[in-house]
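Step one of this worksheet: look at the structure below.
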Amino acid sequence: MKTVKIEELSVEAFLPFGFYARQIDPQAEKVGTPPVEFFRDMVQQDLGGSSIASFSTCRVAQRERVIDVAECHSKTGEGILPLDDDILIHVGPATTNDEGVPIEKMRVFRIPKGTMVVLRPGVWHHAPFVVNEPVANVLIVLPERTYAIDCTVVELGEGKRIRIE
């Protein structure tokens, strides 16, 4: 089984897959001063022309750190915000339908709670892994019904699974 090491989040390392911003204790342009500060336009998400964003919760429990599923959305980016624990996400570059899941290019990033990441359209990923707590709640932002109309899910066979170190 292939293994992949966990990487700390950095702008340079994550740029091929998308963008991120710390939503808690932000370091960004702002309007106003305490007691009311508005940190504006910290990260944008391509909704693929959709005018309705859906905010969903993905609740994940501790499980073996083995990547055995990958999914992608061809027409939209995906926003991911861990609410109550750090998470690990696996990402692979977008591919054509003929190429499939880019197992050899898969990377894993640790996302601190309160940090919003936005994946580019086509980036391979799937449900995150919990770091510390028994369960983590993760806010997911997608155009409504993306899970039904723009979601390619691939189960990785025995020889293609990846262990996270």
**Hz values of 3J(HN,Hα) by residue in region 109-122 - Karplus curve (6.51, -1.76, 1.60), Gly and Pro given as x** = 10, 8, 10, x, 4, x, 9, 8, 10, 10, 7, 6, x, x
**Asked** Expressed in nm to one decimal, what extension gain is obtained for the pair Ala61 and Ser74 from 0.36 nm per residue of sequence separation less their Cα-Cα distance?
**Response** 2.0 nm
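Helix-only estimate, please: 222 nm mean residue ellipticity of the chain, summing -39500 (n - 2.57) across DSSP H runs of length 4 or more and dividing by its residues, to the nearest 500. Spell out each step's value before the answer.
Numbers: 2 runs with 8 residues, N = 165.
Helices in the chain give a 222 nm mean residue ellipticity of -500 deg cm²/dmol.
For region 2-164, what is Rg from Cα atoms divided by 2.2 N^0.38 Å, rounded to two decimals?
1.04
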**Message:** Contact order normalised by length for region 2-164, with contacts defined as Cα pairs under 8 Å and 6 or more residues apart; what percent is it?
**Reply:** 37 percent
**Fill in**
The extension gain from Arg110 to Asn97, computed as 0.36 nm times the residue separation minus the Cα-Cα distance, is 1.9 nm
**Request:** For the chain, compute the number of Lys pairs whose alpha carbons are separated by less than 18 Å, excluding pairs fewer than 8 positions apart on the same chain.
**Result:** 5
**Prompt:** From the phi of every residue in region 42-57, what ³J(HN,Hα) in whole Hz does the Karplus formula 6.51 cos²θ - 1.76 cosθ + 1.60 yield, where θ is phi - 60° and glycine or proline is x?
**Reply:** 5, 8, 10, 10, 6, 9, x, x, 6, 9, 10, 8, 10, 10, 10, 10
**Message:** I'm checking a number: the convex hull volume of the Cα atoms of region 1-96, normalised per residue, in Å³. What is it?
**Reply:** 161 Å³
**Request:** Show me 97-109, 25-37 ranked by packing, highest mean number of other Cβ atoms within 10 Å first.
**Result:** 97-109, 25-37
**Fill in**
Once amide hydrogens are built 1.01 Å from N within the peptide plane, the residues lying 5 or more places from Glu7 or on another chain with amide H under 5 Å from its amide H are Val108, Phe109, Arg110
**Prompt:** Taking the DSSP beta bridges in region 2-164 as the whole, what percent of them are antiparallel, to the nearest 5?
**Reply:** 85 percent
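Read-outs throughout are calculated quantities, based only on the coordinates presented, and are distinct from any laboratory measurement. These numbers were taken from a predicted model, which means no experiment stands behind them. Ideal geometry is used to build each Cβ from the backbone, glycine not excepted, and the neighbour counts take in all protein chains shown.
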